[in-house]
1. Name, by its number, the condition in (1) within 30 Å of ILE36 (Cα to Cα); (2) open to solvent by 90 Å² or more (accessible area, probe 1.4 Å); (3) not in a loop (DSSP other than H, G, I, E, B) that does not hold for CYS48.
2. Which pairs have Cβ atoms under 6 Å, sit 6 or more apart or on different chains, and link a residue in region 107-125 that is under 12 Å from HIS89 (Cβ atoms) to one that is hydrophobic (A, V, I, L, M, F, W, C)?
3. For a quick check of your reading of the model, give me the residue pairs whose first member lies in region 87-99 and is in a loop (DSSP other than H, G, I, E, B), whose second is among the hydroxyl-bearing types (Ser, Thr, Tyr), with beta-carbon atoms closer than 8 Å and at least 6 apart or on different chains.
4. Is at least one residue of region 91-100 open to solvent by 100 Å² or more (accessible area, probe 1.4 Å) and under 20 Å from the mean Cα position of the chain (by Cα)?
5. List every residue pair whose Cβ atoms sit under 7 Å apart, with the two residues 6 or more apart in sequence or on different chains, where the first one lies in region 16-34 and is of a type in the set (D, E, K, R) and the second, anywhere, is surrounded by fewer than 13 Cβ atoms within 10 Å (Cβ to Cβ) and at pLDDT 90 or above.
6. All but one of (1) open to solvent by 90 Å² or more (accessible area, probe 1.4 Å); (2) closer than 30 Å to LYS85 by Cα; (3) of a type in the set (D, E, K, R); (4) touching a Lys or Arg at 6+ places or on another chain (Cβ under 9 Å) hold for GLU62; state the number of the condition that does not hold.
7. With the structure loaded, tell me whether SER116 is in a helix (DSSP H, G or I) and either open to solvent by less than 90 Å² (accessible area, probe 1.4 Å) or not aliphatic (A, V, I, L, M) (or both) or whether it fails that test.
8. Among ALA41, ALA72, ALA29, which is the only one that is surrounded by 10 or more Cβ atoms within 10 Å (Cβ to Cβ) and modelled with pLDDT under 90?
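The values are calculated or read from the model by the stated rules, or taken from the named source; none is laboratory data. Predicted model, so just to flag it, every value in this text is computed and none were measured. All Cβ positions, glycine included, derive from the backbone under ideal geometry; neighbour counts span all protein chains shown. Please note that ligands, DNA and RNA were not included when accessible areas were found on the heavy atoms of the full protein model with its side chains. Shrake-Rupley method; radii C 1.70, N 1.55, O 1.52, S 1.80 Å.
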Amino acid sequence: MDIIAALANMRARNYSIPEVDKLKAKFIAGRIIPAIATSTAMATGLVCLELYKVLNRGHKVEDYRNTFANLALPLFSIAESVRPKVFVHRNMKWTVWDRWIVEGNPTLRELLQWLSDNGLNAYSISSNQ
């Protein structure tokens, strides 16, 4: 607890927040841990509800829900998912949900050249290799 109190007071000095003694730091930390457990359990439950829809198959995008929760207020808001924006460029269409899978084994230079030839720039490239 001495280390936690010391680190908390170092952070307080850094952000010009009033420092606290070890007992007050223990009190504050004792309230944070249940809040983390509560919010984690809530988020896990909401994800599992949506996962049931995925595993059941046959659901439209409109059947899924986005949830925003703020336990401090308390605020709980559920909304329908919206389809992602479709980007159209020349003869190609894609959304942020799509992934392009490159066939063959091009070098990075060849891949960047193909993108450039099609009027595109890469901001993220990943590989499963």
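1. (2)
2. Short answer, once both residue conditions are applied: LEU115/ALA122.
3. If the second residue must be among the hydroxyl-bearing types (Ser, Thr, Tyr), no pairs are left.
4. yes
5. Taking only residues 6 or more apart or on different chains, the pairs are GLU19/ARG13.
6. That leaves (1) as the condition not met.
7. It is true that SER116 is in a helix (DSSP H, G or I) and either open to solvent by less than 90 Å² (accessible area, probe 1.4 Å) or not aliphatic (A, V, I, L, M) (or both).
8. ALA29
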